[in-house]
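Input: a single structure, listed below in structure tokens.
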Amino acid sequence: MVESIINSALPSTADAVIIAAPYDATSSFGKGADRAPQVIRDCLDNQVELYDRVSQGVPAARWTIAWENSGDVSALAPEEMVTQLAEVYSRYA
């Protein structure tokens with residue numbers, strides 16, 4: 001049985017990679033977007049149904065899915081953040 005959608009610790013060999021970008025530098029009203037990647041990961045581990053009705057199976061049982069943290073990008077200017085994320089993305093594209 002699959003315990004989590006994130007089932008690989010090796011992004012370099014995974015079939016799919018979720019890239020986390022904790023960025024909150026451009027928030028003007030409510031801060032907190034930088035905490036979103038961890039909240040999303042918690043939801044993936046605890047609140048997402050692993051069975052897919054369309055494929056009639058558990059995708060995480062067939063494919064490896066990894067999590068890549070892009071690092072602390074909140075201190076970067078928007079343009080620098082986009083450049084850093086593009087570099088992370090290019091490893092897997």
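Each reported figure results from applying straightforward, stated rules to the coordinates on display, with no laboratory input. Source: prediction; values computed, not measured. So basically every Cβ, Gly included, is an ideal-geometry build from the backbone, and we count neighbours across all protein chains shown.
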- Task: Calculate the translational D of the range 1-50 in whole µm² s⁻¹ from Stokes-Einstein, where the hydrodynamic radius comes from the Kirkwood formula applied to all Cα pairs, the temperature is 10 °C and the viscosity 1.306 mPa s.
- Result: 125
- Task: Give, in nm to one decimal, the length gained when the segment between residue 91 and residue 51 is fully stretched (0.36 nm per residue of separation minus the Cα-Cα distance).
- Result: 11.5 nm
- Message: Taking just the alpha-carbon atoms of the range 7-93, what radius of gyration and Dmax come out, in angstrom?
- Response: 15.1, 44
- Task: Enter the angle in degrees (range 0 to 90, nearest 10) between the Cα long axis of helix 36-46 and the first principal axis of the Cα atoms of the chain, meaning the one along which they spread out most.
- Result: 10
- Note on the structure: Checking the range 35-93 for chymotrypsin sites (Phe, Trp or Tyr not before Pro) in a loop per DSSP with at most 16 other beta-carbon atoms within 10 Å yields 51, 63, 92
- Message: Tell me the angle of helix 78-90 to the major Cα principal axis of the chain, expressed in degrees between 0 and 90 and rounded to the nearest ten.
- Response: 30
- Relative contact order, percent, of the chain when contacts are C-alpha pairs under 8 Å separated by at least 6 residues? 45
